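The structure appears below as structure tokens.
The values are calculated or read from the model by the stated rules, or taken from the named source; none is laboratory data. What you see is a predicted model, and the numbers here were worked out from it, not measured in a lab. In this analysis, Cβ positions are derived from the backbone assuming ideal geometry, glycine residues included, and neighbour counts consider all displayed protein chains.
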Amino acid sequence: MQVKRFFAADMRRAMQRVRAELKDDAAIISSRALAGGVELTASSAAPVAELPPVNPELAAELRKTQAAIAEARVRLTHSETGEPGQLFKEAQSAKPAPASPPSAPLAQTTVPVLAQFREELASLRELVEVQLGSLAWSRQQAEKPEQTGLWFRLARLGLPAELIQRLLQTVEHIKEPRLAFRHLLAQLTQQIPMQKQDPLKEGGCIALIGPAGAGKTTTLAKLAARYVLENGRAQLALVSMDSFRIGAHEQLKTLGRILDVPVFQADTAEELPKLLERLSHKSLILIDGNAGVSALPAAACKSYLLLPATMSEVVLASTVRHYQKQQPLSGLVITHLDEAASLGELIGLSIAQGLPVTWLTNGPCIPDDLQNASKYQLVAKALALQGSIAPSELQMATLFAELGAHQKHKI
């Protein structure tokens with residue numbers, strides 16, 4: 001058997017040299033990347049007489065496979081060392097390669113692979129979490145069968161798993177299910193934070209912020225109309241900062257003409273403090289829009305986040321985190337209550353974040369469809385919206401998976 005080393009500028013030329021000298025019977029033993037090229041170690045096949053009879057087609061396929069593996073190794077080695085692989089050299093053979101950091105080829109090669117690995121790991125983790133949640137739910141039913149029905153009833157309200165667990169800890173001594181459920185509702189009602197006084201009566205500066213479509217302008221119109229009916233128009237001013245939605249300023253100006261209330265416009269964050277200073281003699285200033293409000297001190301203007309009752313639990317939590325990073329929140333306004341399918345998610349969010357629910361809107365009528373929030377009203381509405389079908393075993397397993405993930409995060 002003859003063993004030889006071959007050196008060339010790239011893998012393709014090295015393989016050509018191997019085939020030229022050792023013919024098609026050559027076998028690649030090893031390969032490595034060197035400065036300026038590639039080194040292959042190959043051997044000629046043993047004499048036919050010394051080998052057991054083999055299928056020629058299989059032997060040829062084996063040699064092709066060995067060559068492909070060797071070529072893949074060289075490409076991977078080139079990527080890890082920061083040198084251009086064969087695919088990059090062929091693409092750049094017509095012109096000199098532009099200067100780039102050594103890690104660029106590695107990033108181009110590994111980013112798609114890493115993204116695929118992350119997706120697969122995320123799917124695997126989700127599957128494992130649900131399996132663990134199923135085991136936890138089975139253990140819960142075996143250890144505390146009297147609470148199984150209570151878990152089902154609270155889950156139908158849409159409450160988060162951690163809140164359900166805390167509530168059930170308060171009724172472990174109560175064996176009668178109906179009495180335990182009434183106690184749970186009482187505990188839930190007590191935990192919902194509420195405003196001690198109507199912000200409209202306190203006066204000052206009130207900013208309505210929230211995602212697009214949450215109903216900021218409509219809610220502002222309801223608040224303004226209520227204030228005019230109760231206190232008159234002289235001490236009220238409206239400020240529009242919604243420069244993204246087409247016709248937003250005109251809509252607020254139309255409202256101002258109807259109520260005979262002055263409407264001002266602030267297009268930038270720099271204009272807002274100066275405008276508020278000019279309006280400091282007003283008892284109440286209502287601001288419509290997100291831009292610029294975060295630049296104001298919390299004492300100068302109270303921000304209320306509008307959340308549609310149609311949002312999912314994940315989107316609700318993400319929205320609150322986004323706006324809390326920008327400015328302190330004084331409370332929540334639940335909108336589109338007439339379109340809600342569940343209210344437990346918002347109740348759980350309010351309790352978890354300690355944000356009082358200030359107003360509720362349940363329709364387009366101004367100002368009739370605006371109500372001061374009541375914790376009893378929220379719980380009653382949640383009961384009215386609860387599903388008529390008990391959650392499935394998979395839904396309960398997912399609920400317990402969320403509970404396990406939250407507990408792990410706290411640890």
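For the range 287-302, the criterion of being in contact (Cβ under 8 Å) with a residue 60 or more places away in the chain, outside any strand (DSSP E or B), surrounded by 19 or more Cβ atoms within 10 Å (Cβ to Cβ) and under 20 Å from the mean Cα position of the chain (by Cα) is met by no residue. Anything in the range 173-188 that is outside any helix (DSSP H, G or I) and either in contact with a helix residue (DSSP H, G or I) (Cβ under 8 Å, 6 or more places away or on another chain) or within 21 Å of ALA352 (Cα to Cα) (or both)? List them, or say none. ILE174, LYS175 - these are the residues of the range 173-188 that are outside any helix (DSSP H, G or I) and either in contact with a helix residue (DSSP H, G or I) (Cβ under 8 Å, 6 or more places away or on another chain) or within 21 Å of ALA352 (Cα to Cα) (or both).
Before we move on, is GLY215 surrounded by 15 or more Cβ atoms within 10 Å (Cβ to Cβ) and on the phi > 0 side of the Ramachandran plot? First the steps, then the outcome.
On the way: surrounded by 15 or more Cβ atoms within 10 Å (Cβ to Cβ): yes; on the phi > 0 side of the Ramachandran plot: yes.
Yes, satisfied.
Within the range 332-386, the set of residues being over 23 Å from PRO199 (Cα atoms) and touching a Gly at 6+ places or on another chain (Cβ under 6 Å) comprises ASP338, SER342, GLY344, GLU345, ALA382.
If I ask for residues that are of a type in the set (S, T, N, Q), surrounded by fewer than 19 Cβ atoms within 10 Å (Cβ to Cβ) and in contact with a helix residue (DSSP H, G or I) (Cβ under 9 Å, 6 or more places away or on another chain), which ones from the range 314-329 would you list?
Taking the range 314-329 and keeping what is of a type in the set (S, T, N, Q), we get 318-319, 324, 326-327.
From what's left, surrounded by fewer than 19 Cβ atoms within 10 Å (Cβ to Cβ): 318, 324, 326.
Those that are of a type in the set (S, T, N, Q), surrounded by fewer than 19 Cβ atoms within 10 Å (Cβ to Cβ) and in contact with a helix residue (DSSP H, G or I) (Cβ under 9 Å, 6 or more places away or on another chain): GLN324, GLN326.
Applying the criterion of at least 1 residues that are of a type in the set (Val, Ile, Thr), under 20 Å from the mean Cα position of the chain (by Cα) and outside the structural domain of VAL228 (by TED's automatic domain parsing) to the helices (runs of 4 or more DSSP H) found wholly in the range 312-391 leaves an empty list.
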